[in-house]
Structure formats: structure tokens, C-alpha cells
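Comments concern the structure below.
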Amino acid sequence: MTGRVALVTGGTRGIGEAISVALKDAGYKVAANYGGNDEKAKAFNERTGIPVYKFDVSDFAASEAGVKQVEGDLGPIDVLVNNAGITRDAPFHRMKPEQWTEVIDTNVNSLFNLTRQVIDGMRSRSFGRIISISSVNGQKGQFGQTNYSAAKAAAIGFTRALAAEAAGKGITVNAVAPGYIATEMVMAVPKEVLDSKIIPQIPVGRLGEAEEVARCVAFLASDEAGYFSGETLNVNGGLYYA
Ligand code: NDP
């Protein structure tokens, strides 16, 4: 059992929930952040016993206050999982400025807003794990997702640059790029579109499970993964080889 402290943003449902649970099962003291869905967060807390922290990862000051609260309760953060993310899909010629900005604020600016709060502590303790959830659609691009594809590609660039900076301080920085995972985000796609357009393109012939992504994150957080940095692990059922 590690006893290390892990913060998972968007950690109360979907992929984030599976990551929170996998890290708890691996012996971490886990804090799960969420943005606004109190009902889901409460049910998650009752189910798992993992404490939940409501703050907006797109807001620097709110993230600073949220991280302070987590560290006050659980201790310094050793593992940060930047998982919170949203979609606001539209073909580019119809995309509204707010659809662009919300996705960039939540999916990209959060990388700065959260990681900036924990990097000094990790540097001073000479240990840290920063894992950000990208997406296959940030690697191959996706119709209707110029905002999301740009944001998820940014997570990979962020990971590579920070990996280079942090390696000398015992901090590894990696990304995980899931394909289509059966969470609310994907189940919001109409079933006929999933069955006729999406699943037939996935070589393994099915959607992925959140737990399959969570296992990769737990590995990257572990001591055993200390020689991985700047890496992007693809969990996409063979959909895309990057
Ligand atoms: P869900 O929509 O199921 O869950 C999103 C989580 O992020 C929720 O906990 C939500 O909180 C939280 N969140 C959203 N906005 C904010 C915010 N501003 N501040 C704090 N928390 C916020 O998403 P998934 O589990 O499907 O996706 C998780 C990550 O994986 C995302 O980054 C997504 O882009 C990525 N991904 C998902 C794939 C998939 O197939 N599902 C594929 C590839 C990547 P609340 O409950 O309060 O709304």
C-alpha cells in the first residue's frame, strides 16, 4: 500500500470514477474533484468512501483553493490526474465562440490551473506523477470536434514539454489517450450512430470500459512506471496507432 495522495479531477463519474477507485484499491489516499453534479458526487462518495471536492478546474483561483483544501485534509499531492473534460461539438463553420472557449478553458487551461498548484511541492519532495487524459480524437482529429481535438492534442504537447522539465526532479509526466469508452459522454451519442458508424471502426469490435483506462493510469502512477515519461499510452481497441 503506497499511502500516497492522489487528486483526480472529474473523479466522481465516468473514467474519473474508475481512476479514483483503481487508485484507492492500489492504496492511495484519493481526493475526487467534480464541477457541479452534486447528486452524482454524493452517490459516488457513499459508494466508495472517497472524499469529493467541488471546484471549477477552468478557474485558477478556484483550483488553488481546492488543492489547498485537499492538501489540508489528506496531505501533499503526489499524484495528479488531469481527467476532467467536456465536449461542445459542432462543425467548425457553425461553432460558436463559447463552444470553443468552454472546451479550451476546461480541457486545456485546467492543465495549467491544477498542475501549477502541485509542481512546486513535487519538486521539493523529489517525487511526483502527473497524468493527463487526452483522447484518440486529439491524435487523429474528429468531425465536429475542432475545439476538443485541439484541446486533447494540447494535452500531449503539455505532457512532453513538462516531462522534459520535471524529469530531473523525480517527477514523471504522461498522458493516456482513450478511444471510445462507454461513459455518459459517449452514451450521449445516439445508439444507431454508435452501432452503424463508431463501433464498426473499432478493430476489437466494442467500446472500451472505464476500468481499462483506469488500469493504465494506476500503472503510470506506480513506482514501477518510473522510467516512463513524456509518453502517451493509447487505450483505443486498435482504432488508431499513433
Ligand atoms: P464524464 O462526462 O463522464 O465526466 C466528466 C467529469 O469531469 C465529471 O466528474 C465532471 O464533473 C467533471 N468536470 C467537467 N467539467 C468540470 C469542471 N469545469 N471542473 C471540475 N470538474 C469538471 O466524462 P468521461 O469520463 O467520459 O471523460 C473523462 C475524460 O476522458 C475527459 O477528459 C474526456 O475528454 C476524456 N475522454 C473520454 C473518452 C470517452 O470515450 N468517454 C474518450 C477519450 C477521452 P460533474 O460530474 O460535476 O459534471
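The values are calculated or read from the model by the stated rules, or taken from the named source; none is laboratory data. Predicted, not measured: the structure shown is a model, and the values here were computed from it. Cβ atoms come from the backbone with ideal geometry, glycine included; neighbour counts cover every protein chain shown. Only protein heavy atoms, including side chains, enter the accessible area calculation; ligands, DNA and RNA are left aside. Shrake-Rupley method; radii C 1.70, N 1.55, O 1.52, S 1.80 Å.
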Notebook entry, point to check: Between residues in the range 191-214 that are within 21 Å of Ile133 (Cβ to Cβ) and residues that are loosely packed, with under 10 Cβ neighbours inside 10 Å and modelled with pLDDT of 95 or more, which pairs lie under 7 Å by C-beta distance while being six or more apart or on different chains?
Noted result: none
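Which is part of a helix (DSSP H, G or I) and in contact (Cβ under 8 Å) with a residue 12 or more places away in the chain, of Glu102, Glu98? Walk me through it before giving the result.
Working: Glu98 fails: in contact (Cβ under 8 Å) with a residue 12 or more places away in the chain.
Of Glu102, Glu98, the one residue that is part of a helix (DSSP H, G or I) and in contact (Cβ under 8 Å) with a residue 12 or more places away in the chain is Glu102.
From the residues in the range 103-132 that are of a type in the set (Val, Ile, Thr) and open to solvent by 10 Å² or more (accessible area, probe 1.4 Å), which one is nearest to Lys68 (Cα to Cα)? Give the steps one after another, and end with the answer.
Our first condition is that a residue be of a type in the set (Val, Ile, Thr); within the range 103-132, this holds for 103-104, 106, 108, 115, 118-119, 130-131.
Narrowing further to those that are open to solvent by 10 Å² or more (accessible area, probe 1.4 Å): 104, 106, 108, 119.
On the way: Ile104: 24, Thr106: 20, Val108: 21, Ile119: 13 Å.
The extreme case among them is Ile119.
Between Val193, Val186, Val136, which is farther than 14 Å from Val79 by Cα, within 14 Å of the ligand (Cβ to nearest atom) and touching a strand residue (DSSP E or B) at 6+ places or on another chain (Cβ under 6 Å)? Walk me through how you get there before you give the answer.
Details: Val193 fails: touching a strand residue (DSSP E or B) at 6+ places or on another chain (Cβ under 6 Å); Val186 fails: touching a strand residue (DSSP E or B) at 6+ places or on another chain (Cβ under 6 Å).
It is Val136.
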Check: What residue, among those in the range 150-162 that are among the hydrophobic types (A, V, I, L, M, F, W, C) and open to solvent by less than 10 Å² (accessible area, probe 1.4 Å), is farthest from Gly226 (Cα to Cα)?
Finding: Ala151
Checklist line | Residue within the range 133-147 that is in contact with a Leu (Cβ under 8 Å, 6 or more places away or on another chain) and farther than 30 Å from Val193 by Cα present | finding: no
Margin query: I'm trying to understand the selection: among the residues of the range 78-95, which are part of a loop (DSSP other than H, G, I, E, B), more than 16 Å from the ligand (Cβ to nearest atom) and either closer than 30 Å to Lys29 by Cβ or open to solvent by 70 Å² or more (accessible area, probe 1.4 Å) (or both)?
Written below: Asp78
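Are any of the residues in the range 172-185 assigned to a helix (DSSP H, G or I) and open to solvent by less than 20 Å² (accessible area, probe 1.4 Å)?
Taking every residue of the range 172-185 in turn, none turns out to be assigned to a helix (DSSP H, G or I) and open to solvent by less than 20 Å² (accessible area, probe 1.4 Å).
Got at least one residue in the range 127-144 being among the basic types (Lys, Arg) and free of Cβ contacts under 8 Å to residues at least 40 places away in the same chain?
No, the range 127-144 contains no residue that is among the basic types (Lys, Arg) and free of Cβ contacts under 8 Å to residues at least 40 places away in the same chain.
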Note to self: Taking the conditions exactly as written (at pLDDT below 95 and among the aliphatic types (A, V, I, L, M)), does Leu207 satisfy them or not?
What the structure shows: no
Item checked: Conditions (1) surrounded by 19 or more Cβ atoms within 10 Å (Cβ to Cβ); (2) within 16 Å of Val57 (Cα to Cα); number of the one not met by Ala166 -> (2)
Next item on the list: Go through Gly121, Gly144, Gly128 for me and flag whichever is away from the ligand (no atom under 16 Å from the Cβ) and touching a Pro at 6+ places or on another chain (Cβ under 8 Å).
Entry: Gly121
Margin query: Checking the condition in contact with a Lys or Arg (Cβ under 9 Å, 6 or more places away or on another chain) and assigned to a helix (DSSP H, G or I), which residue from Gly121, Gly138 passes?
Written below: Gly138
Next item on the list: Could you check how many residues of the range 1-16 are at pLDDT 95 or above and open to solvent by 40 Å² or more (accessible area, probe 1.4 Å)?
Entry: 2
